[in-house]
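Since every read-out is calculated from the coordinates, none of them should be taken as a lab result. A quick note: this is a predicted structure, and the numbers were derived from the prediction, not measured. For neighbour counting, all protein chains shown are included, and Cβ atoms are generated from backbone atoms with ideal geometry for every residue, glycine included.
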């Protein structure tokens, strides 16, 4: 049996999928299988797969049912002792699996190893930002405030985690990742490789999202978590954590998602920012609050196309500073 099962949900992702597969097949650790779940794509992924010769790759096709269902189907067919997820448009550094496996095998109490993340644009160009989270051990509190894994392509997870807590909750997109990480964190330690081993492709959706559904599902995911917290947390601490968690959900996830959508929906972002203040008034002193407010101002008064130019300039300056 392979040591690792890599699960790739794919929906009309053929523009990026071959490059993603190349980054996977270039891993220094070689003992893995790859399960691609074709989630009702219309871009001839099955025709492309006929040209794939590596026997470690398997394609499973289904009618379109969403990313969570695709990942769960992958879990049902996975044979590996360890599970990794890779979005069809993200990329891995060659040493990702090797470094994660080494850390996980040396720490039997841990269930998950994640990594730092480097952002790339739709063309694969580095944005100049490395997202660094350092939380390790019992990270449940950290996860209630922010999804420290950043994207679904970072974690390597023991199969026993899924046997204990189950798979993805298919009712909760786009918050099913966080819901699962919180459930695992109630029972297992998390570790981090402090290197950007994942390239997370960030591109605005061509259409606006259903913010009512996103808001509702994020609140459900948090309610589930706070209904079943780790036993060591006191009730007083839990209440404060909960207020701040709901505020951070509106500020860090929902408001920014609205701004970064294709519609550059600053009005929805303002509404979400106001809800964040209602849950936790002191949030106005957070650095994230200031960053969000500046971005809203730029979009509102300079218009979306000028905001895109402004962001491109900031990315260019950041890359120069890093170089």
So the FRET efficiency between residue 46 and residue 277, C-beta based with R0 = 56 Å and rounded to 0.05, is 0.70
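Rg over Rh of region 211-322, using C-alpha atoms and the Kirkwood radius, what does it come to?
Here Rg/Rh amounts to 1.06.
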Region 92-106 and region 150-184 have their Cα centres apart by a whole-number Å value of 19 Å
Among 228, 107, 210, residue whose mean-square fluctuation peaks in a GNM of the chain (springs only between Cα atoms under 10 Å)
210
Pairwise label distance in nanometres, residue 293 with residue 103, each label 7 Å out on the Cα-Cβ vector:
3.5 nm
Here P(r) for region 96-136, Cα-Cα distances in 10 Å bins, as whole percents, is 25, 40, 26, 10
Evaluate the relative contact order of the chain (contact order divided by residue number), counting alpha-carbon pairs under 8 angstrom at least 6 apart; express in whole percent.
17 percent
Please give the direction-averaged projected area of the C-alpha convex hull for region 4-201, in square nanometres with one decimal.
10.3 nm²
If 48, 140 are placed from fewest to most neighbouring beta carbons inside 10 Å, the sequence is 48, 140
Kirkwood hydrodynamic radius (Cα pairs, Å) of region 103-261?
16.5 Å
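Do the sum for the chain: with -39,500 (n - 2.57) for every DSSP H run of n ≥ 4, divided by all residues, what is the mean residue ellipticity at 222 nm, to the nearest 500 deg cm²/dmol?
Rounded to the nearest 500, it is -13500 deg cm²/dmol.
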Could you list 161, 186, 175 in order of exposure, starting from the residue whose Cβ has the fewest other Cβ atoms within 10 Å?
186, 161, 175
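List the equivalent ellipsoid semi-axes of region 16-79 in whole Å, largest first, each obtained as the square root of 5λ for an eigenvalue λ of the Cα gyration tensor.
Calculated on Cα positions only, the semi-axes equal 20, 15, 10 Å.
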What list do you get for 129, 273, 171 if you sort them by fewest beta carbons within 10 Å?
171, 129, 273
Only residues of region 74-94 count here: report those whose backbone N is under 15 Å from the spot 7 Å along Cα→Cβ of residue 19, or say none.
87-93
Any idea how far apart residue 63 and residue 1 come out in nm if each label point goes 7 Å out from Cα toward Cβ?
3.2 nm
With r as the distance between the Cβ atoms of residue 212 and residue 301 and R0 = 25 Å, compute the FRET efficiency 1/(1 + (r/R0)^6) and round to 0.05.
0.40
Mean-square fluctuation maximum in Gaussian network of the chain, Cα pairs under 10 Å, restricted to 280, 200, 114, hits 280
